[in-house]
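Just below is one structure, and these are the notes that go with it.
Since every read-out is calculated from the coordinates, none of them should be taken as a lab result. What you see is a predicted model; the values in this text were computed from it and never measured. Methodologically, a virtual Cβ is constructed for each residue, glycine included, from the backbone with ideal geometry; neighbour enumeration extends over all protein chains shown.
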Amino acid sequence: MTNPDVQDVNGIDVPAMREAFELVRANGSRQAPKSARVRWTGGLKLKAYVRNHGFVIDEPSQLTGEDEAPNAVEYLVGALGACYATGFVLNATLRGIELYNLEVTVDSTQQNVFTFLGLETEGHSGVENLTAKLYVQADADRQVLQEIWEHTIKTSPVGNTLIRSVSIKPELVVVD
């Protein structure tokens with residue numbers, strides 16, 4: 001069952017994780033700035049750079065992309081699932097709960113993709129519904145797993161971003 005005194009849970013060094021969290025707290029800043037740079041590489045393909053990582057964004061072939069990577073909305077949907085999965089693993093690990101299997105599925109519906117494609121002007125092209133489902137096999141009872149899941153949803157950075165209004169300030173810089 002749960003054992004918070006265990007040193008390694010779910011492949012995570014728990015004392016090292018707690019120490020890292022305390023260093024973050026000692027820093028004193030509750031804000032965690034993030035930034036990305038996205039470059040067009042031709043066609044409908046882009047490359048995003050975040051910290052020291054890069055990833056490709058592409059459109060499906062039916063939209064004349066090369067379908068070599070997810071599109072931006074698919075990354076958004078995947079980001080929510082990844083954030084929920086990471087949060088659940090983190091919170092279960094801090095409680096000393098061994099996880100044997102975990103998967104999050106996220107399904108979404110875009111309100112009107114035609115607006116993005118310039119085929120219609122009514123509605124918007126954003127996602128209006130997201131459904132996330134956690135499948136988990138763990139050494140804990142259902143009630144404890146439900147508590148962890150609810151805490152995970154409540155504290156998810158991606159989930160909180162999606163359910164709140166976010167100020168977006170687009171700017172244009174024309175390079176000569």
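Each residue of the range 97-104 was assigned a 3J(HN,Hα) from its phi angle through the Karplus expression (A = 6.51, B = -1.76, C = 1.60, θ = phi - 60°), giving 8, 6, 9, 9, 7, 8, 8, 10 Hz with x at Gly and Pro. In the calculated pair-distance distribution of the range 66-176, the portion above 15 angstrom amounts to 71 percent of the Cα-Cα pairs. Summarising the amide proton neighbourhood of residue 156: residues at separation of 5 or more, or on other chains, whose placed amide H is nearer than 5 Å comprise an empty set. A prolate overall shape is assigned to the range 63-107, the ratio a/c of its alpha-carbon gyration tensor axes (a ≥ b ≥ c) being 1.5 or greater and a/b exceeding b/c. Can you give the angle from 0 to 90° between the axis of helix 142-155 and the longest principal axis of the chain, with both taken from C-alpha atoms, to the nearest 10? For 142-155 against the chain, the angle is about 50 degrees.
Here is the list for the range 1-88: trypsin sites (Lys or Arg not before Pro) lying in DSSP coil, each with at most 12 other C-beta atoms within 10 angstrom of its C-beta, are 30, 34, 51. Taking Cα atoms only, the orientation of helix 14-27 departs from the longest principal axis of the chain by about 60 degrees. Taking GluC sites (Glu not before Pro) in DSSP loop conformation with at most 14 other Cβ atoms inside 10 Å as exposed sites, the chain has its longest uninterrupted site-free stretch at 1-65.
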